[in-house]
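Just so you know, all these numbers are worked out from the coordinates, no wet-lab data involved. This is a predicted model, so every value here is computed, not measured. Cβ atoms come from the backbone with ideal geometry, glycine included; neighbour counts cover every protein chain shown.
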Amino acid sequence: EVQEKLQAIINYVPSPGVPKDALLKMAKFALVTDRWMDENDLVASAVQCWTSMEEFFGIVPCAVMSMMSNALRPSACETDITGAIGMYAMALASQKPSALVDWNNNYGDDPDKGVIFHCSNFPVDFFEDPQMSFQDIIAETVGKEN
């Protein structure tokens, strides 16, 4: 089962340069999460992803969360339960993957502009040419290898 999940991750998004052991850990995390959600009849999740997963398990869970959201099983970051509910409502209404972004009012001194951003758990359906790489922002905190 782990090997099947690993292959699903590899098929989901190109991941050149990502260590095989990190992909294997992602596969294990995905498998356990899927089982837990199935056993508990859960339709969405909210993962504490910044920085505990990296520090204690050695992966950034964004790709796994992206896969879940792409399969209309939304997964929100930073244990954002309200966000997960919103993502689920959007997915139900549209029958398409959903995602959330952070809205930061820090675009210089211009009050009419903002920075719309989120790390990297967006479903691949949002992109033309997705690719998994290292999470540069969190690498500054916990190291690139995590």
- Structure-derived Rg and Dmax of the Cα atoms in Å: which label, when the choices are (1) 15.5, 52; (2) 16.8, 56; (3) 16.5, 51: (1)
- Item | Sites residue 113 and residue 36 - FRET efficiency at Förster radius 41 Å, r taken between beta-carbons, to 0.05 | 0.50
- Going by C-beta contacts inside 10 Å, put 37, 87, 65, 53 in order with the fewest on the left. 37, 53, 87, 65
- Query: Tell me which lysines have Cα within less than 18 Å of residue 20's Cα, excluding those fewer than 8 residues away on the same chain?
  - Reply: 5, 28, 144
- Expressed in nm to one decimal, what extension gain is obtained for the pair residue 51 and residue 103 from 0.36 nm per residue of sequence separation less their Cα-Cα distance? 16.7 nm
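Tell me what the chain gives for mean residue ellipticity at 222 nm when only DSSP H runs of n ≥ 4 count, each as -39,500 (n - 2.57), the sum divided by the residue total, rounded to 500 deg cm²/dmol. Could you put the intermediate results ahead of the total?
Working: 6 runs with 66 residues, N = 146.
Result for the chain: -13500 deg cm²/dmol, rounded to the nearest 500.
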- Query: How big is D for the range 2-44, in µm² s⁻¹ as a whole number, if Stokes-Einstein is applied with the Kirkwood radius of its Cα pairs at 20 °C and 1.002 mPa s?
  - Reply: 195
- Message: For the ranges 109-116, 21-28, what's the packing order if you count other beta-carbon atoms within 10 Å of each residue, average per peptide, and put the highest first?
- Response: 21-28, 109-116
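Normalised by the number of residues in the chain, what is the relative contact order in percent for Cα pairs under 8 Å and 6+ residues apart? Could the numbers behind the result be given before it?
Numbers: 214 pairs, mean separation 36.4, N = 146.
Computed over the chain, the figure is 25 percent.
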- Query: Taking amide H positions as placed 1.01 Å from N in the peptide plane, with prolines and chain starts having none, which residues 5 or more places from residue 45, or on another chain, fall under 5 Å of its amide H?
  - Reply: 75, 76
